[in-house]
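Remarks on the structure that follows.
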Amino acid sequence: MASHKLLCIFLFVLHFYSGHSELQLNYYSESCPNAEEIVKQTVITLYKEHGNTAVSWLRTLFHDCMVKSCDASILLESINGIQSEKISKRNMGMRNFKYINTIKDALESSCPMTVSCADLVALAARDGIVMLGGPHIEMKTGRKDSKESHLAIIDAMLPNHNDSMLYVLDRFQSVGIDVEGTVALLGAHSVGRVHCINLVDRLYPTADPTLDPNFAEYLKRRCPHPDPNPLAVEYSRSDLQTPMILDNMYYKNIKNNKGLLIVDQQLVSNPITSPYVDKMAADNDYFHDQFAKALLTLSENNPISEEEGEVRKDCRFVNHN
Ligand code: HEM
């Protein structure tokens with residue numbers, strides 16, 4: 001009994017000093033009751049003007065949350081001793097950051113200095129997913145924004161396109177996402193594009209035999225240079241059939257050897273992940289359910305405390321105090 005009491009005190013103290021904050025549903029219900037609606041309406045407006053913004057919000061959430069915490073560190077620009085995470089090779093191809101400011105401006109004009117950029121990233125991803133025909137995800141809020149960039153640890157946190165499946169599973173496991181959740185989250189590659197620089201190793205000098213030969217020919221036409229200029233806008237869409245819909249076509253494609261990245265193809269060839277690929281290819285609702293569950297876990301990774309973080313006025317810069 002006494003040891004149970006001691007354990008409780010220990011856990012309480014650990015929680016207190018670990019500096020993590022609790023997220024909650026409708027965190028802004030008093031301070032900014034329209035916050036979620038403002039994000040949603042702006043995401044819809046942006047989507048109508050530039051459909052690929054919705055795709056971007058999804059990748060931005062992954063690249064923010066996987067690296068230490070969902071704390072909007074990815075949005076910081078290089079200035080005043082900060083080195084932006086945007087310059088990392090892992091973040092190559094990320095786009096539409098300027099429209100984050102559009103969403104933030106809408107929030108600031110109704111509720112100055114109230115809604116964090118980290119919550120904006122999470123909510124925009126949630127609303128973007130709906131625009132892409134994905135599931136609606138009930139999300140908590142209350143995240144705080146970091147005052148620093150995590151550029152130095154990105155390579156250790158974010159898997160690369162050609163990492164082994166075991167390594168990838170381990171990285172996701174470290175943020176509480178199991179094998180089924182990892183397979184579901186990679187279904188995000190049902191939308192968007194991949195630049196040739198991430199593909200050419202599978203095409204030259206000879207095409208990867210795990211690629212469907214006709215598809216390899218198609219990709220070679222999209223990526224005619226074995227050594228593409230990283231700045232060139234040469235890419236292929238991830239899913240040629242339904243490129244703007246977050247559906248299970250991704251799993252059907254990879255089963256047909258039409259996965260773009262090595263990591264995509266490995267989902268099918270690895271016996272640990274392949275049973276889930278089969279299930280997701282067969283059932284879109286099951287994919288959506290697992291995707292929603294895993295995305296929620298990702299979006300709640302390691303929120304920082306009020307003391308450690310802040311609510312940035314401009315998502316690109318830490319506040320001047
Ligand atoms: C092992 C894990 C993953 C790896 C190695 C990976 C890698 C990549 C790479 C290399 C690209 C292409 C970038 C380019 O050439 O422009 C990409 C695109 C994308 N990824 Fe991932 N990814 C992973 C997991 C995820 C997850 C979990 C999500 C979201 C839940 C996600 C969302 C996206 C989206 C939406 C795009 C398209 C972006 C656009 O068109 O602007 N990825 N990913």
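The values are calculated or read from the model by the stated rules, or taken from the named source; none is laboratory data. These figures come from a predicted structure and were not determined experimentally. Heads up, the Cβs are rebuilt from the backbone with ideal geometry, glycines too, and the neighbour counts pull from every protein chain shown.
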For region 271-283 the number of residues that are in contact with a Leu (Cβ under 9 Å, 6 or more places away or on another chain) and more than 12 Å from the ligand (Cβ to nearest atom) is 4
The number of residues in region 179-219 that are crowded, with 18+ Cβ neighbours inside 10 Å and either free of Cβ contacts under 8 Å to residues at least 60 places away in the same chain or in contact with a His (Cβ under 6 Å, 6 or more places away or on another chain) (or both) is 8
If we keep only residues of region 150-168 that are within 17 Å of the chain's Cα centre (by Cα) and in a loop (DSSP other than H, G, I, E, B), then the residue farthest from the ligand (Cβ to nearest atom) is His150
When you scan region 240-257, do you find a residue that is among the acidic types (Asp, Glu), out of contact with any Gly (no Cβ under 9 Å at 6 or more places or on another chain) and not assigned by TED's automatic domain parsing to the domain that holds Thr53, even just one? no
TODO: Answer yes or no as to whether Gly176 is part of a loop (DSSP other than H, G, I, E, B), touching a residue at least 12 places away in the same chain (Cβ under 8 Å) and out of contact with any helix residue (DSSP H, G or I) (no Cβ under 8 Å at 6 or more places or on another chain).
DONE: no
Wholly inside region 208-320, helices (runs of 4 or more DSSP H) that include 2 or more residues that are at pLDDT below 95 and under 23 Å from Tyr47 (Cβ atoms) are none
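Matching residues to (1) basic (Lys, Arg); (2) more than 12 Å from the ligand (Cβ to nearest atom); (3) in contact with a strand residue (DSSP E or B) (Cβ under 9 Å, 6 or more places away or on another chain):
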| site | (1), (2), (3) |
| --- | --- |
| Ser56 | no, no, no |
| Leu76 | no, yes, yes |
| Ile87 | no, yes, no |
| Arg95 | yes, no, no |
| Tyr99 | no, yes, no |
| Ala106 | no, yes, no |
| Ala124 | no, yes, no |
| Gly128 | no, no, no |
